[in-house]
Amino acid sequence: MVVLVVRRLIALIPLLLGVTVVLFVLTHLLPADPVRVALGQDATPEQVRAYREELQLNTPLWQQYIRYVGNLIRGDFGKSIISRRPVVQDLRAFFPATLELTLTSIIFSSVVAIPLGISAAVNRGRWVDRLAQILSLFTASMPVFWFGVLLQIIFYARSGWLPAADRLDADLTPPATITGMYTFDSLVAGDTAVFFNALKHLVLPALVLSNINLAILARITRSSMLDVLGEGYVVTARAKGLSERRVLYRHALENALVPIITIAGMRFGDLMAGAILTETIFSWPGIGRYAVFSIERIDYPALIGFAVVATLLYALVNLGVDIMYAVIDPRMRP
Amino acid sequence: MRSAVASERGKGGPLRKPVPAARWAKGLSWVVRDPTTALAAVVMVLLVVVAAVPQMFTTYDPVQINPGIRLEGPSHAHVFGTDHLGRDLFARVVFGTRTSLGTSALVVLFAALIGVTVGSLAGYGGGLVDEALMRVVDLSLAFPLLVLAMAIVAALGPGLRNAMLALIFVWWSQYARLARGLVLQVREREFVTAARALGASGVTILYRHILPNCFPPLLVKATLDIAVAVLVTASLSFLGLGVLPPDPDWGGMVSNGRTFILDAWWYPTFPGLAIFVTVMALNLVGDTIRDILDPRIRE
Amino acid sequence: MPPHPDHSDALQGQPTRREVLRRGVALSLSMTAARGLLAAGGAAVLTPTQSSAAQVARPRSKATGKQAILNFGAVQEPSTLDPHLSTSVADTMLKNIYEPLVDTDTDTGRVVPTLAVSWSVARDGLSVIFKLRGGVLFHDGTPFNANAAIVNFKRCIALKSYIPEAFDAIDSLEALDNLTLRVKLKRVINPWVSMLSLNPKMISPTAIEKQTQGGDLAKTWLAQNTVGTGAYMHTRWDRGSNLVWEAFPKYWRGWEGRHVTTVNNRIVLEPGTQRLLLEAGDLDVEMNYTQDALPALRRNPNLNVVGVDLPNLLYIRLNNFTGPTADVRVRKAISYGFDYSAYTKLLGFDRPRADMPIPVQLFGPGYRAVKIPYLTYDPDMGRKLLKEAGHGNGFQMNLFHDPGVPQKAILAEYFQSAMSRLGIKVKIVVEPFVNILARGADQQSQKNWNTAVHTWILYTAPLYPDASSFLLRMYTPYPAAVRNLLGYNSPQVARLTQEAVAQKDFAAATKLYWQANLQIVQDCPDLMLDRSIQFTILRKWVKGHRPHALEPWRWTYWDAWKEM
């Protein structure tokens, strides 16, 4: 087990290096120049030259890259070209918002999709199954950005039930940072007003983001439940006279969970992509929106910082899945 | 973002024999029995026809600006209303079909071609080739798709061609991984061993014996991926990185139109519906193909 | 189509029409007045209306709770809070925290005293003496004085802050006493004092000294912390979401009367979402509207829509270096082919047409009556000129503009369809503004039609209230004129500008600017379009706000209060 983890962590290094190389090259292919973005539209050539020198942008690309990676190894993501703020600080500020949103959406989509998938499997071919199929197709086919705008109109503009933007009402102060996730931090601080407000702000964006995962989760749950339901131990459990509920949720689901988790892990990257759109629409100050801004402003230290974090997260989630595999299924152990 | 896709299959599960014609026939009869899928198939055919000959469906020029009739609601003359430049939205949605479907199909086609080539080389070649190619694939897979596509488009400049290049660039690796897995499985089967024993060359074995047997899952993935590609190209356009004006494009229309939603609901709504209906139809058709090729799930 | 008779048409039926008119005239009047005053005596002195004694008082919180808080829909999130490095929109926001020696007046746009109470220019134009305001405190409690001003001037010189011309020209800085500053210049720059309305905005020298790391002049620290003299202090920054600014109790203008004491600068960049928030009352102010939403916003009984006609012009710059557009006849043909009324119809409402390459507002009433040689819509004339120039069969060209400005997109698409009637095929390329600037920076590529930007849509507003702001950025040779990327080069205009800027006398300078303006009209380097009307949409409960006559996004929070 330890060997597996260590080997996978070592394998991450070339992966991350690759990510930085690709983005470094890509961002330097651009016709535009982040220095100009930073200095504004009326910057004079001398101003541009001075800032380029300050950033050492006049040295050959490979030297810049080596310098960048050298700093990265020491945990220094560099400074944003636009704001001159350490990228680490930005990531720290924006990442918890995305994490909070993504986790909420995962929880929400699991709570809806797994029972839906189970009942579809149990009632295979019947109307529940069909309904589940249509519903999951429905959500999978809905363009995120369109769905988001519709929800804003219905639940905010027309009814005023739920907030349409941001993480908290403007007259509330965010809780002291522990994790940066407002719901968690406010609970720890015992501030229920902030907690419920933060929760309300989460509903719409999380709903939109869940869209992405709901269909796939329901479908995988259905098919792996179908596989499992035919297995001997389920038949045995039923024969032993256990309640159907217990059979489904204890015996069948536990075994069906492995593929479900695998797929959920693999879809994590999509969730990040979905977060970009969702955050744009809902003015959610997360790293997805940060990435969009960084791309618009060609702020490559910021962009690469984002990509490294996203890649790392994706890889770690998948590693987690593999470890779980190994725990559940001893045959997978190396 | 990505819809219900069976890309993970091929990692496990029993291998399928080539699909007998009888099953296709059975599948077709099932289509007839199932009204939803039948409808989806009809919609698909219709969309393809619209994409092929859009001028058959509207007399309006999709890029003709008409200051006098800005933001008019749906009417007999303009079924979907007009946009902020007085262009007929129906004509724009109709012509946008070609952009959206065409782009998506091409992206998936090229991604699949490149991916399958790389994947089968890796799977069949094995050893160092495999190792090297698959590291590249891992790298490519580790990126959030939309982010990399955005970075590439930003680097190359916005526009349809660049958006397509970017999507192909980020998409091929999925096919490479799937194809490699399939090739690895098929490689060890009796008929391949037999062919090898008979002295067939590596290339022949790969193309005559192995790849045809990998085809069904790839086809399923490709069909479902077109649906995803429609959504992703729309998303790129939504972020201002897709089709350039004045060419009609669904994602761009939703993006432009969303600020009008309160005063001219039809503007973002119809292009949004077009995306929705297309993706839904593609998903349904993709599901059906999968059910035909892989009856395990349904039966 | 006749030339636009009067820009007031644009505001027909709007509540703000009269106000805008009055303001437009006032602007022209006062600017000339200011010039005359300064020029006449050689050492005229302007006295401010405010008493120079600092009024130190606690902010009166008659307003409590929601009433004291202004929820402002920010146009963009500032990338840095450093007032000497910030640009455009962020810069105007920061004037609530930092103040310069002189500033542009909200109602008139002219230069008025702020941290300087008066100034005098010596007869030779090379020495300017500022009397500084006494009793002004920085947010850290230290006093503002001549030495503080010198530290800030030096920082701007070192950082090449806007406007570099102004700082390059400084020869020496000297504190004659605690509140008197003398600046000696290397050369006469006619609009020098006007230029100071941008910078230096005054930062506490104590803070600069304390926070400097490795000789960075506190750049890193000041990117996210502030120590100014302004009415508000930056207190919290929820990244990507909100910048909270709170009243500085010892602000020199004091807190008598009604003011908002907390401002939430909310970062909601989606115009659609901003509108939803405003209509629901979660925002008090927004400026990030789409034009087609304006009629509906006006109908909303809870909202006020306030418009101001700004000297912010929209141009389509044409490539003067090479290709068909290097020929003045082709450039004129393009102008003839453009139907301004059809274009404004597409915009959804009328817009005042730009009268001159340099907005007449910057010249004064004497120049207002001059007949302007518009090229009005006449496609036949356009085709004739094209034929004369040997392009009777048309040609292809590209049009660049940056994303995110709906009006530019509409203009681009209209231009495309209008040009197709002349046989010119236009390809629209949407690229970030800086990409276009970077293309232009490679001047060689602009001289080759295959690699050049052929046409380019841009807005230009004055950086400071003077005609030279346009000439020096738009119409003199690149690279000094940073926006003259496409090779407009008239030796005459360059000479006139140079001469004008070196004038000690304002009236003489203005005359030369005007001549340059007329020459530019002759050369037709651009297609001139409209002046922008900047709208602000406010909840009716927001009182006291007056739109700024010159700076598009400027908002003085201190002026405003809420009555709910």
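The values are calculated or read from the model by the stated rules, or taken from the named source; none is laboratory data. Since the structure is predicted, the reported quantities are computational estimates derived from the model, not experimental observations. For neighbour counting, all protein chains shown are included, and Cβ atoms are generated from backbone atoms with ideal geometry for every residue, glycine included.
Here are the criteria: (1) assigned to a helix (DSSP H, G or I); (2) of a type in the set (Lys, Arg); (3) more than 21 Å from residue C:441 (Cα to Cα). Tell me which single one residue C:504 does not satisfy.
(1)
Residue under question is residue B:282, and the condition is that it be in contact (Cβ under 8 Å) with a residue 40 or more places away in the chain, in a loop (DSSP other than H, G, I, E, B) and not aromatic (Phe, Trp, Tyr); does it hold?
No: the conditions fail for residue B:282.
For residue C:470, only one of the following conditions fails: (1) buried (at least 22 other Cβ atoms within 10 Å of the Cβ); (2) part of a strand (DSSP E or B). What is its number?
For residue C:470, the failing item is (2).
For the range A:1-83, give me every one of the helices (runs of 4 or more DSSP H) that falls completely inside it and has 3 or more residues that are under 21 Å from residue C:223 (Cβ atoms) and touching a helix residue (DSSP H, G or I) at 6+ places or on another chain (Cβ under 8 Å).
Correct list: A:34-39, A:45-54.
Spot the failing condition for residue C:412; the list is (1) of a type in the set (Gly, Ala, Ser); (2) out of contact with any strand residue (DSSP E or B) (no Cβ under 7 Å at 6 or more places or on another chain); (3) facing another protein chain (nearest Cβ under 8 Å), and only one is missed.
Just one mismatch for residue C:412, condition (2).
For the range B:228-261, what are the residues that are facing chain C (nearest Cβ under 10 Å), part of a loop (DSSP other than H, G, I, E, B) and in contact with a Lys or Arg (Cβ under 9 Å, 6 or more places away or on another chain)?
B:244, B:246
Which condition does residue C:530 not pass, out of (1) crowded, with 22+ Cβ neighbours inside 10 Å; (2) within 25 Å of residue C:554 (Cβ to Cβ); (3) touching a Lys or Arg at 6+ places or on another chain (Cβ under 6 Å); (4) within 14 Å of chain A (Cβ to nearest Cβ), if it passes all the others?
(4)
Could you tell me whether the range B:270-279 includes any residue that is modelled with pLDDT of 85 or more, in contact with a helix residue (DSSP H, G or I) (Cβ under 8 Å, 6 or more places away or on another chain) and more than 9 Å from chain A (Cβ to nearest Cβ)?
Yes.
Residues of the range C:293-343 being hydroxyl-bearing (Ser, Thr, Tyr) and either within 13 Å of chain B (Cβ to nearest Cβ) or in a loop (DSSP other than H, G, I, E, B) (or both), which ones?
Listed by number, the residues that qualify are C:322, C:340, C:341, C:343.
I'd like the full set of residues that are of a type in the set (S, T, N, Q) and at pLDDT 90 or above, limited to the range C:214-240.
C:225, C:226, C:229, C:235
For the structure I just gave you, tell me whether residue B:62 is crowded, with 19+ Cβ neighbours inside 10 Å, closer than 19 Å to residue B:271 by Cα and either modelled with pLDDT of 85 or more or away from every other protein chain (no Cβ under 14 Å) (or both).
yes
Condition check ((1) assigned to a helix (DSSP H, G or I); (2) away from chain C (no Cβ under 11 Å)) across all residues:
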residue: A:260; (1), (2): yes, yes
residue: A:277; (1), (2): yes, yes
residue: A:283; (1), (2): no, no
residue: A:289; (1), (2): yes, no
residue: A:292; (1), (2): yes, no
residue: A:298; (1), (2): no, no
residue: A:304; (1), (2): yes, yes
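Kindly state which helices (runs of 4 or more DSSP H) lie completely within the range B:81-199 and contain at least 1 residues that are more than 14 Å from chain A (Cβ to nearest Cβ) and under 22 Å from residue A:314 (Cα atoms).
B:103-125, B:160-187
Condition first: crowded, with 24+ Cβ neighbours inside 10 Å and either at pLDDT below 90 or outside the structural domain of residue C:202 (by TED's automatic domain parsing) (or both). Now tell me which residues in the range C:59-77 satisfy that.
Of everything in the range C:59-77, just one residue is crowded, with 24+ Cβ neighbours inside 10 Å and either at pLDDT below 90 or outside the structural domain of residue C:202 (by TED's automatic domain parsing) (or both), namely C:74.
Just one of C:215, C:272 is over 26 Å from the mean Cα position of the chain (by Cα) and without any contact (Cβ under 8 Å) to a residue 40 or more places away in the chain; which is it?
C:215
Specify the residue that is surrounded by the fewest Cβ atoms within 10 Å (Cβ to Cβ); the eligible residues are those in the range C:309-325 that are closer than 18 Å to residue C:425 by Cβ and either of a type outside the set (A, V, I, L, M) or out of contact with any Lys or Arg (no Cβ under 9 Å at 6 or more places or on another chain) (or both).
Filtering first and then ranking leaves C:322.
Can you tell me which condition residue C:228 does not meet? The list is (1) within 25 Å of residue C:84 (Cβ to Cβ); (2) under 23 Å from the mean Cα position of the chain (by Cα); (3) part of a strand (DSSP E or B), and all the others hold.
Failing condition for residue C:228: (3).
Where residues in the range A:22-68 are within 13 Å of chain C (Cβ to nearest Cβ) and charged (D, E, K, R), which of them is surrounded by the most Cβ atoms within 10 Å (Cβ to Cβ)?
A:36
Just one of the numbered conditions (1) farther than 30 Å from residue C:275 by Cα; (2) touching a residue at least 24 places away in the same chain (Cβ under 8 Å) is not true of residue B:256; which one?
(1)
Kindly provide the set of residues from the range B:228-260 that are touching a Phe, Trp or Tyr at 6+ places or on another chain (Cβ under 7 Å) and of a type in the set (A, V, I, L, M, F, W, C), ordered by number.
If the condition is that a residue be touching a Phe, Trp or Tyr at 6+ places or on another chain (Cβ under 7 Å) and of a type in the set (A, V, I, L, M, F, W, C), then B:234, B:238, B:254, B:260 are the ones that fit.
Does residue A:310 count as free of Cβ contacts under 8 Å to residues at least 60 places away in the same chain, crowded, with 24+ Cβ neighbours inside 10 Å and either in a helix (DSSP H, G or I) or within 12 Å of another protein chain (Cβ to nearest Cβ) (or both)?
It is true that residue A:310 is free of Cβ contacts under 8 Å to residues at least 60 places away in the same chain, crowded, with 24+ Cβ neighbours inside 10 Å and either in a helix (DSSP H, G or I) or within 12 Å of another protein chain (Cβ to nearest Cβ) (or both).
For the range C:462-496, name all the residues that are in contact (Cβ under 8 Å) with a residue 60 or more places away in the chain and small (Gly, Ala, Ser).
C:467, C:468, C:469, C:487
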